[in-house]
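Here's the structure, in structure tokens; my notes come after.
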Amino acid sequence: MERWRETADYAVVYKAPGEDSERDMPEGLRCVHRLDKAASGLLVYGKSREAAAALSEQLRSRTLRKSYLIVVDGIPSEREGELTDFLYKDSAKQKMFPVRRKRAGVKEARLCYRVLAVEEGRALIRVELETGRFHQIRAQFAARGLPLLGDMKYGSRVKTEMLALLCDRLRFLDPGSGEEITAELPLPEAFPWKRREDVR
């Protein structure tokens, strides 16, 4: 993992595809939130118990905001909107399945999205989560016939070096000073990403 920015209270870290948010985190940091192992992007860690607790509270109150870029195989029927599903986690398969109604073990999942660019039958999409469920983005788009590129678990037939799921923006309050912090990654050059100055 690569340290992106840090103070005495927190560290923003870049997690590469294949790295585990907890097992591979740098020494001396405390986990606040996670990314799928196959995904990549920014994570913020506390550098003390108090800082981690403050950041965790920001996550619960939605002061800590995470924004994602994805590339899907297909084009959504609407350029922007909100997706709501009931998702059931199959622990044996480590996979989420959409179901019609809420029951034991089922959780509601909500997200907002906006299509940024369309090319060759694929769409680059900005996603903001309203809930934080296991594999949420992957499962909700796959349920609509729009699997993320490289996501063989959820139906993609396109092999890529990395899953097309990137947490490229974090916004939170410095747990020490209270200053509003924004961390943002440049769009990767490698497939399935392209550098586009107009997609932000």
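The values are calculated or read from the model by the stated rules, or taken from the named source; none is laboratory data. Everything numeric in this text was worked out from a predicted model, so none of it was measured. Cβ: placed from backbone, ideal geometry, glycine included. Neighbour counts: every protein chain shown. Surface areas here come from the heavy atoms of the whole protein model, side chains and all, with no ligands, DNA or RNA. Shrake-Rupley method; radii C 1.70, N 1.55, O 1.52, S 1.80 Å.
When the charge dipole of the range 26-181 is built from unit charges on Cβ atoms (+1 for Lys and Arg, -1 for Asp and Glu) and taken about the Cα centre, the candidate among 45, 121, 137 whose Cα reaches farthest toward its positive end is 137.
Dipole of the range 39-170 computed with +1 at Lys/Arg Cβ and -1 at Asp/Glu Cβ about the Cα centre; of 86, 167, 76, farthest Cα towards the positive end is 86.
Exposed loop sites here are GluC sites (Glu not before Pro) assigned a DSSP state other than H, G, I, E or B and surrounded by at most 13 other beta carbons within 10 Å; excluding them, the longest clear run of the chain is 28-77.
Please list log₁₀ I(q)/I(0) at q = 0.15 Å⁻¹ for the chain, using the Debye equation with identical point scatterers on the alpha-carbon positions. Computed log10 I(q)/I(0) values: -0.96.
Could you state the accessible area per residue of the chain in Å², with a 1.4 Å probe and every protein chain left in place?
52 Å²
The dipole here belongs to the range 24-149: it is taken about the Cα centre, uses +1 on the Cβ of Lys and Arg and -1 on the Cβ of Asp and Glu, and is about 540 debye. For the range 100-195, trypsin sites (Lys or Arg not before Pro) are listed when DSSP marks them as loop and at most 14 other Cβ atoms sit within 10 Å of their Cβ; the list is 100, 101, 102, 103, 144, 157, 159, 194, 195. Site pair residue 171 and residue 80 shows an inter-label distance of 1.3 nm when each label is modelled 7 Å from Cα along Cα→Cβ. Across the range 136-146, computed HN-Hα scalar couplings (Karplus, 6.51 cos²θ - 1.76 cosθ + 1.60, θ = phi - 60°) run 4, 4, 4, 6, 5, 6, 4, 4, 9, x, 10 Hz from first to last residue, x flagging Gly and Pro.
Each 5 Å bin from zero up to the one holding the largest Cα-Cα distance in the range 42-145 carries the following percent of pairs: 2, 11, 19, 19, 17, 16, 10, 4, 2, 0. Charge tally around residue 20: other residues with Cβ under 9 Å, Lys/Arg +1 each, Asp/Glu -1 each, net +1.
Charged side chains reduced to their Cβ positions (Lys and Arg at +1, Asp and Glu at -1) give the range 129-187 a dipole of some 580 debye around its Cα centre. On the basis of the beta-carbon distance and an R0 of 41 Å, residue 100 and residue 63 show a calculated FRET efficiency of 0.75. For the range 48-108, a crude dipole built from +1 on the beta carbon of Lys and Arg and -1 on the beta carbon of Asp and Glu, taken about the Cα centre, is about 360 debye to the nearest 20. In this calculation the C-beta distance from residue 22 to residue 118 is compared with R0 = 35 Å, giving a FRET efficiency of 0.45. If I take all pairs of Cα atoms in the range 1-100, what percentage of them are more than 15 Å from each other? Taking all Cα-Cα pairs of the range 1-100, the fraction more than 15 Å apart is 71 percent.
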